[in-house]
Amino acid sequence: MSNSNLRPPVINLTPEEYKTMVQRISPKPKAIKNAVLAFMVGGLICSIGQILINIYINYFGLSKVSAQTAGTATLILIGALLTGLGVYDNIVRFGGAGGIVPVTGFANSMVSPALEYKREGYVFGVGGKLFTVAGPILVYGIATSILVGIIYVLLRL
Amino acid sequence: MGSKKVGNQSIIFQNPPFILAGYNIVGPKEGEGPLKDSYDQIMKDTYNGEKSWEKTEAKMLETALRGVADKAKVTVDSVDFVLAGDLLNQIISSSFAARQLGIPFIGLYGACSTMALSTALGAMLIEGGFAGQVLCAASSHHDTAERQYRMPTEQGNQRAMYAQWTVTGAGALLLAASGTGPKVTSATLGRVIDLGTTDTNNMGAAMAPAVADTILNHFQDLNRQPDYYDLIVTGDLGTVGLQLLKEILKKSNFPMGKNLSDCGVMVFSPKQDIHAGGSGCGCSAVVLSGYILNQMNSGELKKVLLIGSGSLHSPTSALQGESIPAIGHAVSIEIS
């Protein structure tokens, strides 16, 4: 029954041809819809932040600088809480960058690994993996700020 | 060489093993999908009373393995081997499930092609006279896969439109040398094919060439035409991969008819917001052990070719910029 020297069939396609085919067939993100949603969700989060700051100034008698810090801290708390309740990932799925860029998104990137890796223990789980998402942001954010600081000092010399 | 091997890479079973029964268990999202009536158990939540998703997945696999033995009225102890695999590192779901069963275990890794691979190998063990009864199974869990391959599950992000959703589910078949029911009549084991796809979100694109290669070889080796089968179903190419497969086969002068479908496309409805369809070892496992087997037993389908599709990358290889090798394993199942 076995028939020797059969080998080809091989698919009739070069990697380059396939790459173009994949690009043609894979659906593209809906850029306009996503941008509008991101604008609205991001704007809403920032408006809530502004409302919080105004409340801290008008009703708690904080200075503008302190009220901004308190407002940011409250947003972080809300972002952390919504992550714990399993809501925040749905907000980002809907609002995209509008949910990632504000400080609530940063809270989400810290709290989600903390929740996720608790089962691997507090030392190597939470401790070791807490910065898996936020780590790159912190590393390059801090590195950039140091660089900018050095340039600033040099320019003033 | 024996005469059981034909052509480049296919095997024809001379005493085709019977599929005595199939059993599956799925998560709540799959339980709301179009195939909801074909599942034996639908979990209320993704934990199902366990403390971690990894425990849940091992438990699901054990449930499927015990369930299929029960359904076929066979004691687990009388089974010769269990062949199973999953997606987690060191295939822990399968080993942990096999720990509970206490029978000889052969752990497999074929990524999402595992169900087709375990069925093919199980049939070969029986055909070769090495076993009388074999359990073949595979499982995946959306959340265990996410946390291993991607990001923490509560981390917010927007998935690409061509991304697929890992199926939470485990499916098992009981193969036996004698009995009644559909038979595993042939198998075509795949080659590892890589056309250079590097985007780990576009699994369908990574796997379509490997599946096409296996399909071309299957039909040449067995000298058959696509209309021989009532249904030719791929494992988890999803909508994007399925369309790519059709185009690749057309370009290779082997166009497919309307009888070509994909388990990943069948398992979720477009309304469920999962984008390009289901994926994972569990995807083809639950569709094969549920819907396809039911359709065969009721006579709706008589000849089915399943081509399990697996993407053989790891998170490390992806981060190092390696392209994604993929594989397709085919098994034909027929009932007279």
Calculate, for A:ALA143 and B:GLU50, the FRET efficiency according to 1/(1 + (r/R0)^6) with r their C-beta to C-beta distance and R0 56 Å; round to the nearest 0.05.
0.85
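For chain B, report the accessible area per residue in Å² (1.4 Å probe, heavy atoms, rounded to an integer).
On the way: 11960 Å² over 336 residues.
Heavy-atom SASA per residue in chain B reads 36 Å².
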Compute a Gaussian network model of chain B, connecting alpha carbons closer than 10 Å, and tell me which residue from B:MET151, B:MET207, B:MET43 fluctuates the most.
B:MET151
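Compute the accessible area per residue over chain A, keeping the other protein chains in place, probe 1.4 Å, unit Å². Don't jump to the answer; show the numbers that get you there.
Working: 10300 Å² over 157 residues.
For chain A, the per-residue accessible area is 66 Å².
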Here segment B:5-176 gives, from Cα atoms, an Rg and Dmax in Å of 16.6, 53
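Leaving out ligands, DNA and RNA, what percent of the accessible area of chain B is carbon and sulfur, probe 1.4 Å? Let's see the in-between values first.
Values: 5950 of 11960 Å².
Answer for chain B is 50 percent, counting heavy atoms of protein chains only.
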Search the structure for amide H atoms under 5 Å from the amide H of B:THR185, placed 1.01 Å from N in the peptide plane, and list their residues when 5 or more places away or on another chain.
B:SER332, B:ILE333, B:GLU334
Residues along segment B:136-163 losing 30 Å² or more of accessible surface when the other protein chains are present rather than the chain by itself (probe 1.4 Å)
B:ARG147, B:PRO152, B:GLU154, B:GLN155, B:GLY156, B:ASN157, B:GLN158, B:MET161, B:TYR162
Quick one: the Cα spread of segment A:37-156 along its three principal axes, in angstroms, biggest first?
44, 41, 30
If you build a Gaussian network model of chain A, linking Cα atoms that sit under 10 Å apart, which residue out of A:GLY128, A:GLY141, A:GLY96 swings the most?
A:GLY141
Taking Cα atoms only, helix A:135-156 is inclined relative to the longest principal axis of chain A by an angle, in degrees rounded to 10, of 60
Cα extents of chain B along the three principal axes, largest first, in whole Å?
52, 48, 36
Find the Rg to Rh ratio for segment B:183-334, where Rh is the Kirkwood radius over alpha-carbon pairs and Rg uses the same atoms.
0.96
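Quick one: order A:ARG24, B:ARG150 from most to least accessible surface, probe 1.4 Å. Let's see the in-between values first.
Numbers: A:ARG24 145, B:ARG150 90 Å².
Ranking A:ARG24, B:ARG150 by accessible area, largest first, yields A:ARG24, B:ARG150.
Considering only the protein assembly as shown, what is the antiparallel percent among its DSSP beta bridges, to the nearest 5? Don't skip to the answer; put the middle values down first.
On the way: 37 of 57 bridges.
Just about 65 percent of them are antiparallel.
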Charge dipole of segment B:5-176 about the Cα centre (unit charges at C-beta), most positive-ward option of B:GLN41, B:ALA64, B:THR166:
B:THR166
Would you pull out the residues with amide H under 5 Å of A:ASN12's amide H, same chain only if 5 or more places away, H placed 1.01 Å from N?
B:SER252
Can you pull out the buried accessible area for chains A and B, both sides counted, probe 1.4 Å, rounded to the nearest 100 Å²?
3800
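Give the carbon-plus-sulfur fraction of the accessible surface of segment A:5-157 in %, rounded to a whole number; probe 1.4 Å, heavy atoms of protein chains only.
Numbers: 7230 of 9900 Å².
Carbon and sulfur together cover 73 percent of it.
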Report, for segment B:1-149, the % of DSSP beta bridges that are antiparallel, rounded to 5.
15
Kindly list the residues of segment A:86-117 that lie in the label zone of A:ALA31, defined by a backbone N under 18 Å from the point 7 Å along the Cα-to-C-beta vector.
A:96-98
How large are Rg and Dmax for the protein assembly as shown when calculated on the C-alpha trace, in angstrom?
25.6, 91
Nearest 10 degrees, 0 to 90: what angle lies between the long axis of helix A:15-25 and the longest principal axis of chain A (Cα atoms)?
60
Members of B:LYS246/B:LYS303; A:LYS30/B:LYS258; B:LYS258/B:LYS302; A:LYS28/B:LYS36; B:LYS5/B:LYS303 lying beyond 25 Å, as alpha-carbon distances in this model show
A:LYS30/B:LYS258; A:LYS28/B:LYS36
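If Lys and Arg each add +1 and Asp and Glu each add -1, what is the summed charge of the other residues whose beta carbon sits under 9 Å from the beta carbon of B:GLN9? Don't skip to the answer; put the middle values down first.
Working: positive: B:LYS5, B:ARG191; negative: B:ASP221.
Combined, the nearby Lys, Arg, Asp and Glu give +1.
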Relative contact order of chain A, please, whole-number percent, based on alpha carbon pairs below 8 angstrom and at least 6 residues apart.
18
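Kindly sort B:ASP230, B:ASP213, B:ASP37, B:ASP70 by accessible area of their heavy atoms, largest first, with the probe set to 1.4 Å. Walk me through the numbers on the way to the answer.
Numbers: B:ASP230 70, B:ASP213 0, B:ASP37 140, B:ASP70 115 Å².
Largest accessible area first, the list is B:ASP37, B:ASP70, B:ASP230, B:ASP213.
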Looking only at chain B, where both bridge partners belong to it, what percent of the DSSP beta bridges are antiparallel (to the nearest 5)?
65
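Quick check on the protein assembly as shown: helices-only [θ] at 222 nm, where DSSP H runs of length 4 and up contribute -39,500 (n - 2.57) each and the sum goes over total residues. Nearest 500, please. Don't skip to the answer; put the middle values down first.
Details: 18 runs with 220 residues, N = 493.
Estimated from H runs of four or more residues: -14000 deg cm²/dmol.
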Of B:LEU195, B:LEU117, B:LEU61, the one that fluctuates the most in a GNM where chain B has Cα springs shorter than 10 Å:
B:LEU195
Return the residues of segment B:184-211 for which accessible area with all protein chains present is lower than in the chain on its own by 40 Å² or more; set the probe to 1.4 Å and exclude ligands, DNA and RNA.
B:ARG191, B:LEU195
Buried by partner chains in segment B:7-32 (accessible area down by at least 50 Å² vs chain alone, 1.4 Å probe, heavy atoms, protein only) are B:ASN8
In nm, spacing of pseudo-spin labels at A:GLU16 and B:THR75 (7 Å Cα→C-beta vector)
6.6
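The values are calculated or read from the model by the stated rules, or taken from the named source; none is laboratory data. A quick note: this is a predicted structure, and the numbers were derived from the prediction, not measured. Neighbour counts run over all protein chains shown; Cβ positions are idealised from the backbone, glycine included. The protein model used for the area step is the full one, side chains on, heavy atoms only, and it has no ligands, DNA or RNA in it. Shrake-Rupley method; radii C 1.70, N 1.55, O 1.52, S 1.80 Å.
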